[in-house]
Every structure is written in structure tokens, then in C-alpha cells.
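J.: Questions regarding the structure given below will be posed in turn.
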Amino acid sequence: MKKFNIRKVLDGLTAASSSSASAQSGSKENDAIPESLQSEHFQLCKTVRHGFPHQPSSMAFDPVQKILAIGTQSGALRLFGRAGVECYCQHESGAAVIQLQFLVNEGALVSALTDDSIHLWNLRQKQPAILHTLKFSKERITFCHLPFQSKWLYVGTERGNIYIVNVESFTLSGYVIMWNKAIELSTKTHPGPVVHISDNPMDEGKLLIGYECGIVVLWDLKCKKADCRYNYDEAIHSVAWHHEGKQFICSHSDGTLTTWNVRAPAKPVQTITPHGKQSKDGKKPEPCKPILKVEYKTTRAGDPFMVLSGGLSYDTLGRRSCLTVMHGKSTTVLEMDYPIVDFLTLCETPYPNDFQEPYAVVVLLEKDLVVIDLGQIGYPIFENPYPLSIHESPVTCCEYFADCPAELIPALYSVGCRQKRQGCSKKEWPISGGNWGQGTHSYPEILVTGHADGSVKFWDASVLMLQVLYKLKTAKVFERARGKEEKPSTDIVDEDPFAIQTLSWCPESRIFCVAGVSAHVIIYRFSKQEVTTEVIQLLEVRLQCELNDVGFPDGAVEQTPTLPTPGTTSSSPQESEPTPPTSTGSNSSDGPRDNVPCLKVRSAPLNQSPGYQVELVVQLLWVSGEPPQPITSLAVNSAYGLVVFGNSNGLAVVDYLQKTLLLHMGTLELYSPTEPYLRQPRSPRKTQPSGAVCETNEGTNTTEERCKSPTSVKSKSRRFSKTVANDFAKMSRKISSPTTEHKPDMGEIVLRQCFHKQSGSVKVARKPGTAPMLDVQRSQSCGSFNTNNAFARSRSSSVTSIDRESREAISSFQLCDSFPRKTDPASAPGPSLWVGTSQGAVLAVSLSMPPDGDQRLQEHVGVSPCGTLVRLKGGVLTMAFLDTSGVLIPRPCELWFEPNATDQDRERPKRRPPASPPAYSEGQYAVVCSEKQAKVVSLPSHSCVHKHNITEASFVLRAEVVQLAGGLCIVCFCANGHIIALSLPSLRPLLDVNYLPLTDMRIARTFCFSNLGQALYMNSSMEIQRITYIQETCDNLQEMLSELFTPVETPEAPNRGFFKGLFGGGAQSLDREDLFGETTAGKASSSLAQHIPGPGGMEGMKGAASGVVGDLARARIALDERGQKLGELEERTAAMMASADSFSKHAHGIMLKYKDKKWYQL
């Protein structure tokens, strides 16, 4: 009987309703394009999390498995092994983790939370799960201690009591240490919470209990009474044992360390203040800050190590947190970049009753993880292999590239390895546990992150790992202010003037572009050779949208543009730029700022190391006291040699090969005056003439309005955009209100566009007696101009908010070979630029490219706007093109070549050949996705084939056309948390999952999709969460994830020696089962704590595990454990036989010695 699938029925109904809205001709065309993607191919799940744990609170280390665990204030657990081995877990309650305890070499972890719950995690599976939970109901948990190779967990509470938990069954024992029995009867005050619990390294029957008030109690577990009590006036923060069990050290709140003999409780043997100033009269040193933690580790061959945090003098208020290492007579203070949360000393042996032999210290900071090498002079740090430096500077944008060229990652690594920190320890990373997963996909993945300090980082994100490859510092291009008095001349941003706002990358040619918040664009080329750039190429652009008044005065005649005469027009592209240089700009206090960039480009020679090197810098200028608008969209195409960028004023097209500006114009100028899509500027007054270039005053715009999302259309979108503005407040622009009207300079070309449909190109009208009519396709006529009008409205502060909303920002670009005009289907596609706006319009610009070679560097690129092609609801987010068979048309690009090679070795590369035959010469499909809709348009007829309304109540934040193994689809992330996938070209719904409600603007800013079903976003300021929406990846996720637990033999216990074993001088063991078991201690009160079975029990784990690989792994682990136990039993048997033989020999010798002697001779 065939299985009934309700999902397929729903998909069919949805597809039917979606196709009914399509054109009749589209259904015929779609019949010839089969679609292989179905809804059962999609499933959403999280894969891995990278980065530093957000708000860490505790730490633990397994010395045998070499695994590090970190707990956070949000209830998260991060586990780290060797490089590439990491795991993320989450407590459902979200309470902060106050302490972690490993069951050493058992593949289990105990976590204690602030909600008074204790959890047992099973780490023997790739996705750890909770086996048991114990929830205390009457007392607050303050401290936990789990002795090595013990199944009994000591739990201290705020009331001063200590409870004992069986870790195997997670039940409470009837054995309880009450606070009133531990302290002296004469004590009248409560000792406070339990701050420390530990057993004597040489006697497991003696438990050391530290109370906050300063009382330490040595409790005899067998006799159930206090052996000794140690009193000190200052509060206790931590306690550490000497491995022989005869002394212990306490750290106190006044910055002192007290050393106590176990048998001398009257007073401490030694009291020192490591950072206290010794007074001359011999009195007690001045009190210092509390010593929060101290550890005392011994060595066989030298002096012991004493490591402590805190304890600095109070006169060092401005000093950062420090870690102090005391070794013999030397005291080393290591200053940290962030406050210390916790630290652990890593030792060679897990046994507390042996010489520890410390070799490293793991220091957990608020925003970093540092491992210090104790075996080298100067205590250098280990080079951290984890991707924990994502937050080194706040991430402002990111892009995710899958299936990159295979040689790209080695190339980035080769130049990035030279940037590694110097002076690190040469030893291997000490946290080396776990094994890598067996990934089924091996395609290269690269993550690119832009940061607030202007840096860009390239990461290798292949096979669910993350490793930094290369770091690019864009701020080197600009001059830096040396002091407060040298503040940048354009206070457009309060902080982070070099912050990256958006980026564009061509992996094949390795051309890289970034746009910053200071309205600058930098184009980089990749080179393996070091060069020194004497002068950085700079291009300055005046990009200002000016909205005309709502009407013309009576008798006014529309002005025609003034163009330069042929004699004044330079033949050189560089000289044809009429933009005044920065030096001529007005930046005085008595006039509006004009022709001034936001940042000053470096004037001194720039030494550029191998990697990405500056090719060209483009800066937008201040215009009449108004700062340039933020760049909202950026695109680069290496085959055309063009970079395009846009903002709320318009767009600019730059030829980075010739270092010229081809075109910059307002968004409204891209429209044709006769087309129905032309949007009139909104005003409460009478309507403005069609096609007029308008001017508006934005001098009174608030910071929030200037940061407003350019893709906001409806009221809900505007409200969301204001939330975006609050998140970008640090990068928002301060705007001064100009009071004077702009007067163009003498050298400025003032144009006014009038569109005429002649041969598909745009012509510029002229005055009588001026130069002949010039085509806008030539760079001389459209090189650098500013739109203005003699009858412009007064630039006063009375501009309404309705006028401000009339601006139409550029939201997306696409450079490709396509059909920008409605032409004969027999014609071939040509180079074109497709522009998407915040009002849902898709405009086209035709490009006329010169032939490759020397002609490309000498002749100019023709530019011809073609008007509107399609209109959608909401701002346009992404565009792509398919051929007639439904295959994605790749963007044309060049292959990489060495730009600094000699003329003999240099060989100009050709364009990358298409992956498939050019079937798109007969026609194409343009796929456009906006905040509300998705449309598929047939080219060159420009008819809408399919249309789908993605969301009504919300709007799309990020959308991409992605290539999957089975075909193409559009994936969208909406503001309401839904992730939606639509098939192509029919726009049939494939996936709609309510995944993540938008609670943080960081998610909206960093969410990005890539090919082959991968996506990621920053869920906090320090962490990146990766997800997949493909069923195949979800099914293989268990094999792809790294393995935390690996079978490792526990080191041998220290040899006690013959005499210690004979006379009882070694460690004393304790039968805790007999002492704490139900038979002896009885049952605990059921009202104290509630036992909750976890979902990660053995039954659940067996049900979750599937496949032959899982069965084989479990069998291998079982065999390894059985062999390990048999080996231990055999060793113990041999040791017992050797001991018995030795005892027999000694007894026989004593018998022979006294055999013939009389009793009185003894």
C-alpha cells in the first residue's frame, strides 16, 4: 500500500493557487522546464556554533580526555578539543552555569545552574544530551565537588549544608553535613554559604569545608564529626591543597594568603600579601583587592607553583586584571586584556595525591581564552587554534561563499600565515581531545566578515569548521588622527569611521570591494608580491539627489543643461573629471562644507604586503553642507572591470581599470518620463512635473531618519527600519542644518536630464549656442556632474517628512549579460546593469564594452539607461538570471592573474568559460525577489511568467537565489523568523519554517545564505550559528560532527612505595558506597530535590543513533572499554602477586634470622 503524504497534497494545492496568478503564456513556457526539487528535500536544523562563548561564567577540564568545557550566563555549554573539535549545548531553562565538573575519562559532565538544578550530560554521543536532572527546591546551590574516580558528588548550599548525590542514579543520599554540626557550638552567628569543598588528597575520609565567613572545617566522614576548625578574620574565596595532604592554602578578601597545617588549627603557619606594600615599622601590610582564586601545584624537580587571580593593590584602579604566577622566589604578574572569569592549572597527572607537574594555565576571560605555557621562561601564551577572535572588533556585515575555487583557500592561507602573532609558545596546543567528523561534502567554503575597525577577515568554513585565513586592514589607506585636537574634519560618525558597511567579492578573479560608513569604496586586487604604492589612486564623486519644487513660477521656462565646449573638454579620462579637488573644497566654519570627503586618504607611500592591495579609492563628497549618504548597495564585476554602488541619492558606475567615473545620477533619472512606473515625489502641495530632477533639503533630518532602512515601504517596514537605525546608532551620521543655498563652482558641470527615446539611448538636451549634443554613453558627458535647477525649491528646514520619504534608494545590483531592452528574440544578450530600488522598481542600464586588450584600457565604456523593466512590492533584495532550460547563468568574470608580474610574465586572462553551452542566447528568465514578492520575468519580452507573494504580515530581510545539488531555489529569511524556500522558475513553495523570531538586529544584519544549502548568522556579538536547510545534510549530520569522547586509558595511580604501604603512610581510601549508600545512610527527604529523567538517557540515545557507522562505533567503544578493564584487572593481579611474593620473602628472612635464638636473646 502506498504511503499517504499530506505534505505533497498541500504542496500541490499551494502550487495550484500560485500558478493561477501567473500569466497564461508563462504556464506554457514552464511546462518545458522540469523541476527536481521537492518539499521532502528540505529540512531545517542547526549544525555547529563558532566563536567565543557569550558571557562565560565557569570552566572545567578533563585531564585525561583533554576536553575543555565552558558554561555561560545564558545556560549554554561550549566544549572544545583539538583544533576543529567543538560542540554546543544548551540548558532549556537558560539559567546561568555556576560550576562544571567532569567525570574524568568517563565521557560525562555535571553542570550546576543558578536555578538550583544539577544536570548530568552524556558526552559519549556527538550531540551531548542530559541524562539526569536534580532540582533542589529548598536550598540554593553554591558549590559542588566531585572527587576523582568517585560517583558521589558533594553539593554545598547557601545555608551552609552539604548534600551528597549519587551521580549514577542522580538521587540524594541520606548522609547530610549540617552547618550547625560543622561549626563550634559556641559560635553564635551563621557561617554563611559554602564556598569550598574538597577531600584530603591523602585521606578520602577527611573533607575540607570552607565557609564564606572565614571558617574552615576538616570533617571526618566516618565519625560524622569535625576533626579541626580553622578560623580567620577575613572572608574566604578559595582553598587549595598541598598534594601530601598536610597543608592547605586559603585566599581571602583582603588580598592575603594563609597557609595552614592540618594538625595546627590555632593559627596559620604563614600569612602573606603578594601585592601588598610592606610598611617600614613591621606592621601588617595595607589591604589589597580580594584574591578570588588560588591554586598550589607541586613539582618533583623544583619549587612549587602558586597561581592566583586578583589581590592587586587598591592604588592600581586603572590597571587591568592580572594573573600572578609565584614560582620559588620569583613573582610574575601577567596583565590580561579583559577581566578574569576563571582559570585552571593543567597538570600531568589527574591524581591529587601525586606531584602535579603543572605545564599550562588556562585563563577564561570575559571575551577571550588564553593558555599560558609554564614550561618556558617568560610564560609565553599558546597560539589559539579556535575561531575565538570573531568579536575582536564588532562584526558589521558578513558574506558566505560555498563551492569556491579550490586554489583560493591555499592562496589566502599562504599570505595570512605571515600575519600570525609572534612570540607564542612553540609547543602543541594542550587541549587536544576528540576526533574530527567524517564529512561527506568536501567543497570549499569561505566566510568574509567586515568589522567596525575597518578590518576584513577571511575564514575557511569548510567541513563544519572555522579557521581564520587572512586579515585585511582597510584603515591603512586613510590618515589617522594622532590626538584629540586632530579630529577628522568631517565628524560624520562619532565612532568607528572606518567601519565596513557592505562588501562585494569575485572569488574567481579575487577582486574585492568594500564600502565603509564614511561613504567610501575601496577596490582591492590580490597579489603574492610585496609592493610599495607611492600614491594611492583616488576618485572623488559628488552624488546628490535634488528634488525640484512642486511647481514652476509663472512664466518660467524650463532650463536646458549647460555643457562644456569641445575645446574645454579634455581627451584624457582622468582629466575629464570636472569634480573639484579636495583642496578647493570649503571647510570653513563660516560657510557650508562642500567638496570635502569624510576621510583623508594617506599621502605617504604605503607598503603593501602580499595579499589584498589597494587598486582604487572612491570617496563621496559633502555637498552644500550635507554629508554623503551611506552606501546601501555595492557590486563588482571583473569581466567588465566595473564597480557600481548606490545610496538614497542615486548610483555611480566606476571603471576601476581606467580609474574613471562613467556615470553618476539620481534614481529618478533612471526612469523614462513616459513609462507608467515613474514615481512622482510625494508632497501635500500640487504635483511636480513628470521627469523633473528634484531637490530637497535633508539638513534637518535626524540621525534616526538618515539611518533608516532604504527598503522600507509600508508602515510596518518603516517601524522596523527605525529599529535598525537604533542598532546602527554608533555608525549613524551627524548632520548639520545648512542655512545657505548651494552655489555651484565655476568648474562644475550642471546638468539637467531630459530623456528622449532615440535608438534606445539617452540624449541630453542643450541650449542654443552651446556644444553639440553629447551621448550619455560617453564618459565625457557623464563623467562627473551634479543635478541642479535654477527654479529649485528653497532649501529651508520646513521640508516635510513626506518629502523625505520620497527618496528612492538603491537596494541591489546585478551585472550580467542579458536583454535590458525589449528586442527581437533573435538578438544576442549584451552586458547590462540591473538596478533594484527600495520602492520595488527594477531598472536596466545597457553597457557598451570595448574589446578586450589594449582597447579596453583606452576606449570608454558606454552607458545607456533603459528605464523600468518590472515592479514589485517592497524593496528589491536580489536578482538572478536563468537560461531557457532553468539553469542559473553565472556572472561573467575573469580568472585571477598576478597584477604585479613583469611585462614578460604577465598574460592577460580571458573570461571564464560558461559552465554550460550558452542556451540563454535564445532567451532568459530574470528572477527578482523583494521584501514582499518574487517574480520570474521572461526576457527579452519582459513579460511576467510567475509571481508569488512571499509574506503579507511581515517582510523579507535576506533573500538569495542558491544552487543546490538537485536544482535552483530562492531562500528567504523574514522578519517574523520564517525561512522560506521557493522553487525556480515556478516559485512553488518548498519550505516554510518558523525558525527564529527576530529579537536582535544583529541577526538581520548578518544572516546570509550560500549555495548547497548552507546559511549562518551571528546569534550574539561573539558567536556564529550555522544552519542547513537540506534534508541530506541533516541526515548525515551525525557523521559530519566531531566526536568528543575517545577511549583513552586512565594513567596509573602513583606508586606508594613498599614502606608507605607497609606502615600505612600512603593515601587512605574510603568505601563511599558503604558510607553514603541507602543501606547505611538511609533515604533523603523527597522534598529536598526532585529527580527529572533527561531526554539523553540510554534508551533515547539508542533510539537516536542509527546506521551501521553508529553501531560499529558503539561496538568499538564497548570492546575498548572491556579490554581496558581487563588490562587494569590483569595489572592489579600482577601487582598483588608481586606484593605477596615480596612479603613472603621478607617473612622468610625474618624467620631464618630468629630461628635458632632463645627467647631471652630476642
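J.: What's the ranking of 1146-1155, 204-213 by average number of surrounding C-beta atoms within 10 Å, highest first?
T.: By packing density, highest mean first, the sequence is 204-213, 1146-1155.
J.: Shifting gears a bit: Kindly report, to the nearest 10 Å², the accessible surface of His237 as traced by a 1.4 Å probe over protein heavy atoms only.
T.: Roughly 70 Å² of His237 is accessible to a 1.4 Å probe.
J.: Between Lys289 and Gln270, what is the label-to-label distance in nm when each label sits 7 Å out along the Cα-to-Cβ direction?
T.: Calculated label separation equals 2.5 nm.
J.: Test of understanding: what is the full-extension gain from Tyr314 to Thr189, defined as 0.36 nm times their sequence separation minus their Cα-Cα distance?
T.: 42.0 nm
J.: Around Phe458, under 13 Å between beta carbons, what's the net of Lys plus Arg minus Asp minus Glu among the other residues?
T.: +1
J.: Students sometimes get this wrong: rank Glu931, Glu158 by accessible area, probe 1.4 Å, all chains present, largest first.
T.: Correct descending sequence by accessible area is Glu158, Glu931.
J.: Now for a separate question. Defining a contact as two alpha carbons under 8 Å apart and six or more residues distant in sequence, what relative contact order in percent does the range 25-180 show?
T.: Relative contact order for the range 25-180 comes out at 12 percent.
J.: Next up: Going by average Cβ neighbours within 10 Å, how do the peptides 338-350, 68-80 rank, with the highest at the top?
T.: 68-80, 338-350
J.: Please give the solvent-accessible surface of Val370 in Å², to the nearest 10, using a probe radius of 1.4 Å with every protein chain present.
T.: For Val370, the solvent-accessible surface is approximately 20 Å².
J.: Sort Trp429, Trp834 by heavy-atom solvent-accessible area, probe 1.4 angstrom, most to least.
T.: Trp429, Trp834
J.: Using a 1.4 Å probe and ignoring any ligands, DNA or RNA, find the accessible area of Lys66 and quote it in Å² to the nearest 10.
T.: 50
J.: Also, quick follow-up: Taking all protein chains together and a probe of 1.4 Å, list Arg891, Arg300, Arg510, Arg602 from the most accessible to the least accessible.
T.: The residues order as Arg300, Arg891, Arg602, Arg510, largest area first.
J.: Moving on to the next point. I need the calculated FRET efficiency for the pair Phe1143 and Met1001, taking r as the beta carbon distance and R₀ as 60 Å, to the nearest 0.05.
T.: In this case the efficiency is close to 0.20.
J.: Around Tyr656, what is the net charge, scoring Lys/Arg as +1 and Asp/Glu as -1 over all other residues with Cβ under 10 Å from its Cβ?
T.: Taking every Cβ under 10 Å from that of Tyr656, the sum is 0.
J.: Once you've got the Cα coordinates, tell me which of Lys277/Lys297; Lys46/Lys126; Lys471/Lys528; Lys181/Lys289; Lys225/Lys293; Lys822/Lys947 are over 22 Å apart.
T.: Correct reply: Lys277/Lys297; Lys181/Lys289; Lys225/Lys293.
J.: How many nm separate the modelled label positions at Ser442 and Gln855, each set 7 Å beyond the Cα in the direction of the Cβ?
T.: Result for the modelled spin labels: 4.4 nm.
J.: Quickly work out the Asn180-to-Ala901 label distance, labels modelled 7 Å from Cα along the C-beta direction, and quote it in nm with one decimal.
T.: Taking the two extended label points, one gets 8.8 nm.
J.: If you don't mind, there's one more thing I want to ask. What is the distance in Å between the Cα centroid of the range 125-196 and that of the range 298-327?
T.: So the separation of the two Cα centres works out to 30 Å.
J.: Highest mean first, what order results for 987-996, 651-660 on Cβ atoms within 10 Å?
T.: 651-660, 987-996
J.: Which FRET efficiency value, to the nearest 0.05, is calculated for Thr823 and Asn949 with the Förster distance at 25 angstrom and r the Cβ-Cβ distance?
T.: Taking R0 as 25 Å, the efficiency between Thr823 and Asn949 is 0.25.
The values are calculated or read from the model by the stated rules, or taken from the named source; none is laboratory data. For clarity, every value in this text was computed on a predicted model and none was experimentally measured. Cβ atoms come from the backbone with ideal geometry, glycine included; neighbour counts cover every protein chain shown. Accessible surface is based on the protein model in full, side chains and every heavy atom, while ligands, DNA and RNA are left aside. Shrake-Rupley method; radii C 1.70, N 1.55, O 1.52, S 1.80 Å.
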